[in-house]
Amino acid sequence: MAITKTKQPAFHITGETGWINDPNGLIYFNGRYHAFYQYYPHATNWGPMHWGHVVSTDLTHWEYLPVALAPGGESGEDGCFSGSAIVHDGKIYLMYTGFWENQGGESIRQLQCLAESEDGINFKKRGIVIGENDLPKGYAPCDFRDPKVWCHNGEFWCVVAARKYDGKGRILLFKSNDLFKWTFVNDLFDKDSLGVMIECPDYNEDLGYMFSCEQFQPAEKGVHLNVHTSRWHVGKLDYSTGHFKEENRGIVDYGFDFYAPQTFAGAPVMMGWLNMWDRNLPSAKYGFAGMLTVPRKVSVVDGRLYQTPIVNSTEVLTTSVHGRFDDKVVKGVVTINATGLEKLSLKMRSNGVNYTELTLKDGEWVFNRSKSGEAIIGVEKDADSLNGIRRMPCSMKRDITLTIVFDEFSVEIFEDGRALSSTIYPPEDACDLVLTVKADSCKYARADVE
Ligand code: FRU
């Protein structure tokens, strides 16, 4: 059945029609940013995974290219799962997980494969490069996926999510001279994850951090409330031992809808999937399900991950706010600069009855989407999740900059390098923004995306 495209976000990557999840193969190549993503073009639910493909020069306006990888063909895989990209000898190589369903359960095979392209558009599959026999003893080839590849001192290295039989998530390190033949180096942390399986590991040598995602991890002191979570680990890989020396760790995004972050090869920029597994996706009726976050500039500041949104936008309004200020915002970037902030309440996408709210309370940003519009129902049963609430620490600095990226179906909120991202499905007439502040001074600015 053909899917009809109706409403779309203005500058967030979707599959246009069909389903998408994780960002894949993010790479800066010959003056353009390439983003690939897990894609099922034929329905608005997860299905046999393809790699969709878009390119951009400014990270805001994206051009859709043909599907880069499709399951089947000679390799006969049932899905092309997540992975990464690297440039070598002028070609883009995609390293991805081939998924063979077989009879399900333990007979599933997830093995690491390679595809190459000279023009950055048409990709040729080159087959399995890390197979079942390359896995160390005791690790299950049915849960072995999401390779992230990079080059260090003229050698190729990659991390892959794995699991020991009867164990939980692990991250394995492999190395290679030519991208085709890989040898196992070590198990990075040498211990099980808290969640049942790790997914989408990502190591950034230049910035000194790694990401990992955990399925069904337990909540920790009011964070990691989503059923699946993304963590940052600041630290360095010791190439001589193959162990990761972790100095600090935290949650990548405090919102409801964020998973599978990946950093671009060749640029300090990250994107994640702006959705969550095990929830309904109300946008399916508009012809698409799933989108990526806006790109975020990433760095490590004071030992933690620091993110700021990248949106090519033009300032169209600035004003000082004393008490209350009203605007209309559906798409664009709002920046609130406050000095000596005591109170802040922000109603977004409001029509008086439906609205999404952000409030500063006891040193925390409290986000509430319980009245935002269409219900988004997940499997989480804690009080905050049931009440539509997510929380993020506020820096409580004397000068506070709060940045909010608005687009159809989402808000991404940033303060002092932390992020809180969530989808919302408000009614069409819910366009009002109402800001109430108590501060020594406060400036409001809105920028539009052309
Ligand atoms: C993460 C994930 C990956 C896998 C892909 C399949 O969201 O489960 O581990 O490769 O999605 O689409």
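Just a few scattered comments:
- Kirkwood estimate for segment 314-448, i.e. one over the average of 1/r between Cα atoms, Å: 15.0
- With all projection directions averaged, the alpha carbon convex hull of segment 2-161 covers 10.6 nm².
- Distance from segment 268-328 to segment 1-80 (C-alpha centre basis), Å: 19
- For the residue pairs K297/K343; K137/K175; K7/K297; K125/K148; K91/K297, alpha carbon separations beyond 22 Å are given by K297/K343; K7/K297; K91/K297.
- Global form of segment 184-250, assessed from the alpha-carbon gyration tensor, a/c cut-off 1.5: prolate
- Shape call, segment 244-388: gyration tensor on alpha carbons, a/c limit 1.5: rounded
- Once the mean of 1/r is taken over each pair of separate Cα atoms and inverted, segment 375-450 shows a Kirkwood hydrodynamic radius of 15.1 Å.
- Structure-based [θ]222 nm, the chain - -39500 (n - 2.57) summed over DSSP H runs of at least 4, per residue, nearest 500: 0 deg cm²/dmol
- The order of R32, R398 by accessible area, most exposed first and with a 1.4 Å probe, is R398, R32.
- Once both labels are positioned 7 Å from their Cα atoms along Cα-to-Cβ, the gap between V434 and A284 label points is 3.4 nm.
- Hydrodynamic radius of the chain per Kirkwood, over alpha carbon pairs, in Å: 22.4
- Relative contact order of segment 34-153: 19 percent, from C-alpha pairs under 8 Å at least 6 residues apart in sequence.
- Solvent-accessible surface ranking, highest first, for E246, E415 at 1.4 angstrom: E246, E415
The values are calculated or read from the model by the stated rules, or taken from the named source; none is laboratory data. Remember, predicted model here, so these are calculated numbers, not experimental data. Reconstructed Cβ throughout: ideal geometry from the backbone, glycine too, with neighbour counts over all protein chains shown. Heavy atoms of the whole protein, side chains included, go into the accessibility calculation; ligands, DNA and RNA do not. Shrake-Rupley method; radii C 1.70, N 1.55, O 1.52, S 1.80 Å.
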